[in-house]
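In what follows, a structure is listed as structure tokens, so that the remarks can point back to it.
The values are calculated or read from the model by the stated rules, or taken from the named source; none is laboratory data. Predicted model, so just to flag it, every value in this text is computed and none were measured. In this analysis, Cβ positions are derived from the backbone assuming ideal geometry, glycine residues included, and neighbour counts consider all displayed protein chains.
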Amino acid sequence: MAAHQEKKHSEERNRKSTQNNTRTSQGQWGRAWEVDWFSLASILFLLMFAPLIVYYFIMSCDQYQCSLIDPVIDLLTGNKHLSDIWNKTPTLTYRAAGIYALWVTFQVILYVFIPDFCHKFIPGYVGGVQEGAVTPAGVVNKYEINGLQAWIITHVLWFANAYYFHWFSPTIIFDNWIPLLWCANILGYAVSTFAMIKSYYFPTNTKDCKFTGNFFYDYMMGIEFNPRIGKWFDFKLFFNGRPGIVAWTLINLSYAAKQQELYGQVTNSMILVNVLQGIYVLDFFWNEAWYLKTIDICHDHFGWYLGWGDCVWLPYLYTLQGLYLVYHPVQLGTANAIGILMLGLIGYYIFRTTNHQKDLFRRTNGNCKIWGKKPEYIECSYMSVDGTKYYSKLLTSGFWGWARHFNYTGDLMGSLAYCLACGFEHILPYFYIVYMTILLTHRCIRDEHRCFSKYGKDWKRYTAAVPYRLIPGIF
Ligand code: NDP
């Protein structure tokens, strides 16, 4: 009898726990309804300076062999004027516009018109039509998950061209890098502006729109949650994954081809960057369905931050290591190369395993094994807006017992490995680890703030059981 009651109790908890994920999402997820002065100042800063930062990095490679200091010295000493630098910068060309238009059109065709077939023959891969998380308005969108397929088709064509057809040079991306930057900016601004206009005149779902009344905030952080055209063209999924992330590995391949052309060989550092970042990109597409449930997709509205960020920031700044290695072909000693490879692979292993442990634990409601044992966890409760009490669980086994965001730690280890492959002559290739550290530390704090307001004293019990955020014993 007692066992029966306990089972009923447990079923009730599970039911509420599931509802809970739905209900608490309403009104809490998504970006803010009101703008505080700090957010507004940060947004204005980014709107004004982010495009300049990207230009500065790429220009310094083009004109100053990737030195970030020399342009400043030249300007301060009067050796050069801003107009000298600007006049030396390649302009937009018809060729670059043609390449870019073809590229984006091709990715749209792969995304919209070719349903996924990979999940039919690759065991364990989740593709095809999948459901996203519940939106704040209670909508569950369907997505066509075919990113892995788009990535494979694109890369097969790339290699077929490089080794067989010779339609274009594999250095094409590097050779047009700055003219392509103007094209990427045009698309980034066009899509963000279109998303803003669309949200006023023909939004996909009016209940998932958030207007603050502040033009800059709305433009930057987006108004619509999931803007779509037709049934399948989802702006967030398309711009988040393609064309930027599919391009990531192609850009690196183009850099490797340029090294081959200039120096007659591809250095081991370039191979390391291509392999490690290739694993990261492939992981993204292999887990595209899982990414539908991460903070990125579940939280952010579609505005300039995502539209411009995916078109410009990601392809130009996440690939700085490869670009640097074209100008500075570092050949690492065997021990260093092996050390960097190990750091990258261990980082990836931690990143993937930690994410998998939480996913498995939550999917099975704790009825699984973590490192061969039944998982330990902390039972939590929290209230929804209507005052109903719900239950959830926070895992304290596996990597989740080591630190509260060990997945970020793995990510950071991988990021550091890419940078180390470039040696220590310049700081430019280290931009990525600095940026990721700021991004993920800020994310830890933002996420924990949200979890504390959700779980209250239970979150405190959890943080007492797992006291560190990223590095056990240190932070
Ligand atoms: P997480 O996958 O860590 O998700 C955080 C959420 O998980 C919390 O809000 C909480 O949600 C739940 N949670 C927290 N602790 C526990 C626990 N102990 N047990 C069970 N659930 C818990 O965060 P992200 O979505 O930010 O990151 C996903 C991946 O993407 C990471 O590996 C990250 O490194 C990567 N990433 C990469 C970026 C890049 O630019 N390269 C950018 C951003 C992320 P709940 O309310 O459900 O309890």
Practice item. Evaluate the following for ALA160: is it free of Cβ contacts under 8 Å to residues at least 60 places away in the same chain, surrounded by fewer than 13 Cβ atoms within 10 Å (Cβ to Cβ) and in a helix (DSSP H, G or I)? Key: yes
Review point. Is one or more of the residues making up region 141-158 farther than 29 Å from ARG228 by Cα and among the hydroxyl-bearing types (Ser, Thr, Tyr)?
Key: no
Study note, to complete from the structure: Scanning region 321-340 residue by residue, the ones that are out of contact with any helix residue (DSSP H, G or I) (no Cβ under 6 Å at 6 or more places or on another chain), part of a helix (DSSP H, G or I) and not hydroxyl-bearing (Ser, Thr, Tyr) total 4
Review point. Consider TRP313 against the criteria (1) within 14 Å of the ligand (Cβ to nearest atom); (2) at pLDDT below 95; (3) buried (at least 19 other Cβ atoms within 10 Å of the Cβ): it satisfies all of them except one. Which criterion is unmet?
Key: (2)
Exercise for review: Being more than 10 Å from the ligand (Cβ to nearest atom), at negative phi and either in a loop (DSSP other than H, G, I, E, B) or touching a His at 6+ places or on another chain (Cβ under 8 Å) (or both) is the filter here, so list the residues in region 375-402 that pass it.
Suggested key: GLU376, SER384, VAL385, ASP386, THR388
Study note, to complete from the structure: Of the residues in region 106-128 that are touching a residue at least 40 places away in the same chain (Cβ under 8 Å) and in contact with a helix residue (DSSP H, G or I) (Cβ under 6 Å, 6 or more places away or on another chain), the one that is nearest to LEU237 (Cα to Cα) is TYR111
**Study point:** helices (runs of 4 or more DSSP H) contained in region 57-132 and holding at least 2 residues of a type outside the set (Gly, Ala, Ser) and more than 30 Å from ASP283 (Cα to Cα)
**Key:** 70-76, 82-88, 94-113
Check your understanding: If GLY372 passes every condition in (1) in the same structural domain as GLY414 (by the TED database); (2) farther than 30 Å from ARG461 by Cβ; (3) more than 16 Å from the ligand (Cβ to nearest atom) but one, which one does it miss?
Key -> (2)
Check your understanding: Only one of these conditions is not met by TYR324: (1) in contact with a strand residue (DSSP E or B) (Cβ under 7 Å, 6 or more places away or on another chain); (2) within 23 Å of ALA162 (Cβ to Cβ); (3) not aliphatic (A, V, I, L, M). Which number is it?
Key -> (1)
Exercise for review: Within region 339-355, count every residue that is more than 10 Å from the ligand (Cβ to nearest atom) and over 17 Å from GLY278 (Cα atoms).
Suggested key: 2
Check your understanding: If you take the residues in region 403-438 that are in contact with a Pro (Cβ under 6 Å, 6 or more places away or on another chain) and closer than 16 Å to LEU325 by Cα, which one is farthest from the ligand (Cβ to nearest atom)?
Key -> CYS422
Check your understanding: Are there any pairs, at least 6 apart or on different chains, whose C-beta atoms fall under 8 Å, with the first in region 286-300 and among the hydroxyl-bearing types (Ser, Thr, Tyr) and the second near the ligand (Cβ under 9 Å from one of its atoms), and if so, which?
Key -> TYR291/PHE284; TYR291/ILE297
Check your understanding: Considering region 450-461 alone, what residues qualify as being part of a helix (DSSP H, G or I) and either more than 10 Å from the ligand (Cβ to nearest atom) or at pLDDT 95 or above (or both)?
Key -> PHE452, SER453, LYS457, ASP458, LYS460, ARG461
Check your understanding: Which residue, of ARG242, ARG228, is crowded, with 22+ Cβ neighbours inside 10 Å and out of contact with any Pro (no Cβ under 9 Å at 6 or more places or on another chain)?
Key -> ARG242
Review point. Before we move on, is ASN365 polar (S, T, N, Q), in contact (Cβ under 8 Å) with a residue 24 or more places away in the chain and surrounded by fewer than 19 Cβ atoms within 10 Å (Cβ to Cβ)?
Key: yes
Exercise for review: Sort out which residues of region 251-308 are hydroxyl-bearing (Ser, Thr, Tyr) and part of a helix (DSSP H, G or I), and write them in order of number.
Suggested key: SER254, TYR255, TYR263, SER269, TYR280, TYR291, TYR305
Check your understanding: Quick one: would you say THR204 is part of a loop (DSSP other than H, G, I, E, B) and either more than 17 Å from TYR316 (Cβ to Cβ) or touching a residue at least 12 places away in the same chain (Cβ under 8 Å) (or both)?
Key -> yes
Exercise for review: Given the conditions (1) under 16 Å from the mean Cα position of the chain (by Cα); (2) within 9 Å of the ligand (Cβ to nearest atom), report the number of the one that THR441 does not fulfil.
Suggested key: (2)
